[in-house]
Amino acid sequence: MRFENNSHRHQNIEWKEIQQKLEDHPEKLWSLHEMEITDGEPDVVDFDKATGEYLFFDCSPESPKRRSLCYDYPAWNSRKANKPEGNAVDRAAEMGIEILSEEQYRKLQELGKFDLKTSSWIKTPEKIREMGGAVFCDRRYDTVFMYHNGAESYYAARGFRGCLKV
């Protein structure tokens with residue numbers, strides 16, 4: 001139903017082709033389920049011609065209910081007190097998905113208005129991460145912003161959006 005109700009997200013893509021891919025790779029259904037039960041509202045947003053893969057992104061209006069996480073394990077491990085329950089990079093990997101890149105996040109924002117009240121960690125460039133930082137995005141004032149924080153930080157309104165390749 002989500003695919004049919006949001007056809008603007010995936011023009012020129014047929015559901016039967018996606019269904020066949022999912023039937024050929026049933027392990028991807030588990031990842032989609034994990035995205036769904038955390039209120040990610042996964043939907044097809046693109047087809048990668050080079051790899052032949054369909055891309056599902058979390059399309060929930062606000063960052064999915066996988067929040068209060070620092071960026072990655074080294075950041076989590078560096079906290080001396082008040083450690084969150086986990087980190088975004090490992091949580092995504094456990095779900096079989098990847099955190100959106102900045103380019104993917106901006107593509108998502110072309111399909112609608114997301115993260116008007118929340119924010120989402122995105123893949124952080126290695127140079128920034130080596131210096132202890134991590135980046136996140138949101139949408140305010142009808143503009144997509146990218147910010148930085150210490151990778152060990154976490155907030156109740158910051159989660160992560162994922163990409164599943166099928």
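We did not get these values from a lab; they are worked out from the coordinates using the rules stated. Values in this document were obtained by computation on a predicted structure and should not be read as measured data. Note: ideal-geometry Cβ built from the backbone for every residue, glycine included; neighbour counts use all protein chains shown.
The set of residues in region 74-110 being surrounded by 14 or more Cβ atoms within 10 Å (Cβ to Cβ) and either aromatic (Phe, Trp, Tyr) or closer than 16 Å to Asp138 by Cβ (or both) consists of Trp76, Ala88, Ile99, Leu100, Ser101, Glu102, Gln104, Tyr105, Arg106, Lys107, Leu108, Gln109.
Scanning region 82-118 for residues being within 17 Å of His148 (Cα to Cα), of a type in the set (Phe, Trp, Tyr) and assigned to a loop (DSSP other than H, G, I, E, B) gives a total of 0.
Which of the residues belonging to region 150-166 are within 20 Å of Glu98 (Cβ to Cβ) and either among the β-branched types (Val, Ile, Thr) or buried (at least 19 other Cβ atoms within 10 Å of the Cβ) (or both)? Walk me through how you get there before you give the answer.
Step one: of region 150-166, the residues within 20 Å of Glu98 (Cβ to Cβ) are 151, 154, 158-166.
Correct list: Ala151, Tyr154, Arg158, Gly159, Phe160, Arg161, Gly162, Cys163, Leu164, Val166.
Might you let me know whether region 37-50 holds any residue that is exposed (fewer than 15 other Cβ atoms within 10 Å of the Cβ) and either touching a Phe, Trp or Tyr at 6+ places or on another chain (Cβ under 6 Å) or in a helix (DSSP H, G or I) (or both)? Yes, that holds for at least one residue. Within region 121-135, being within 13 Å of Val89 (Cβ to Cβ) and either touching a helix residue (DSSP H, G or I) at 6+ places or on another chain (Cβ under 8 Å) or among the hydrophobic types (A, V, I, L, M, F, W, C) (or both) holds for Trp121, Ile122, Lys123, Ala134, Val135. For Arg67, state whether it is assigned to a loop (DSSP other than H, G, I, E, B) and not β-branched (Val, Ile, Thr). In short, yes.
Each row is one residue, and each column tells you yes or no for (1) under 18 Å from Asp58 (Cβ atoms); (2) part of a strand (DSSP E or B); (3) in contact with a Pro (Cβ under 7 Å, 6 or more places away or on another chain).
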position: Ser120; (1), (2), (3): yes, yes, no
position: Arg129; (1), (2), (3): no, no, no
position: Val135; (1), (2), (3): yes, yes, no
position: Asp138; (1), (2), (3): yes, yes, no
position: Glu152; (1), (2), (3): no, no, no
position: Tyr155; (1), (2), (3): yes, no, no
position: Gly159; (1), (2), (3): yes, yes, yes
